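What follows is a single structure, written as structure tokens, with notes after it.
The values are calculated or read from the model by the stated rules, or taken from the named source; none is laboratory data. Remember, it's a predicted structure, so these values are computed and weren't measured experimentally. Ideal geometry is used to build each Cβ from the backbone, glycine not excepted, and the neighbour counts take in all protein chains shown. When the accessible area is computed, the model is the full protein with side chains, heavy atoms only, and any ligands, DNA or RNA have been set aside. Shrake-Rupley method; radii C 1.70, N 1.55, O 1.52, S 1.80 Å.
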Amino acid sequence: MAHARRPFAELAKLAKSKTSSHEVLEYFAKLYAIEKHARDNKLSDSERFLLRVKEAKPILDGLFAFLKTITTPRKMKLGKGIHYMLAREQDFYTYLYDGRLEIDNNILENQIRPFAIGRKNWMFLGSPKGAKAACIFYSLIQTAKFHNIEPQAYLTAVFEKLPHCKTTANYMQLLPWNIKAELEAAKKLTVITVCKV
């Protein structure tokens, strides 16, 4: 959604008067206002789903109906923005039907930004296998952070348990959301031990 919004925002900045880009941005503003309301009120996934179906779907319907009325060459920036959205129309509705999904992937993009900046400075990661390994570790670390798990504690636990893994289920237990309860229990145990000393 954020990527789709960008060309309209850029065009609106350049315009001296209200244009169709401004109108498109008004639709986006309404959609994001609904998401802000859901976050501010700490709505559950099911509540967010109901809110989106009731309030966001008509706005999204209106946005696509409006885009279909705009006639502009496809090579122009406005035309490219419109074509991008119309070619993926059904995809833009996906987030409405699952309250666990965000309206855009800005959270993820903000988390990978340091890695993207670092990548430019690192020049290369030695080999394609090295790059793949770095991506796996970075994904695990960011996922651990997202679940409020201290990365060093997570990786320590993973490296201790990894040699004992034999099945896919064993490896799945090492994912951050599966190992979190065990790490929290170990942390509490450590705190209790320290308090007794």
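A12 passes all but one of (1) surrounded by fewer than 16 Cβ atoms within 10 Å (Cβ to Cβ); (2) more than 16 Å from M85 (Cα to Cα); which number fails?
(1)
Could you look through the stretch 66-103, keep only residues that are hydroxyl-bearing (S, T, Y) and open to solvent by 30 Å² or more (accessible area, probe 1.4 Å), and pick out the one that is nearest to D45 (Cα to Cα)?
The residue in question is Y97.
Exactly one of (1) touching a Phe, Trp or Tyr at 6+ places or on another chain (Cβ under 7 Å); (2) surrounded by 15 or more Cβ atoms within 10 Å (Cβ to Cβ) is unmet by R52. Its number?
With respect to (1) touching a Phe, Trp or Tyr at 6+ places or on another chain (Cβ under 7 Å); (2) surrounded by 15 or more Cβ atoms within 10 Å (Cβ to Cβ), R52 is out only on (1).
Just to be sure I understand the filter: pairs with C-beta atoms under 8 Å, separated by 6 or more residues or on different chains, first member in the stretch 127-152 and closer than 14 Å to L183 by Cβ, second member exposed (fewer than 14 other Cβ atoms within 10 Å of the Cβ) and not hydrophobic (A, V, I, L, M, F, W, C). Which pairs pass?
The qualifying pairs are A144/E150.
Scan the stretch 141-172 for residues that are at pLDDT below 90, open to solvent by 30 Å² or more (accessible area, probe 1.4 Å) and not in a helix (DSSP H, G or I) and jot them down.
Hits for the stretch 141-172 are H147, N148, E150.
Got a number for residues in the stretch 9-50 being in contact with a Ser or Thr (Cβ under 7 Å, 6 or more places away or on another chain) and modelled with pLDDT of 95 or more?
So the answer is 0.
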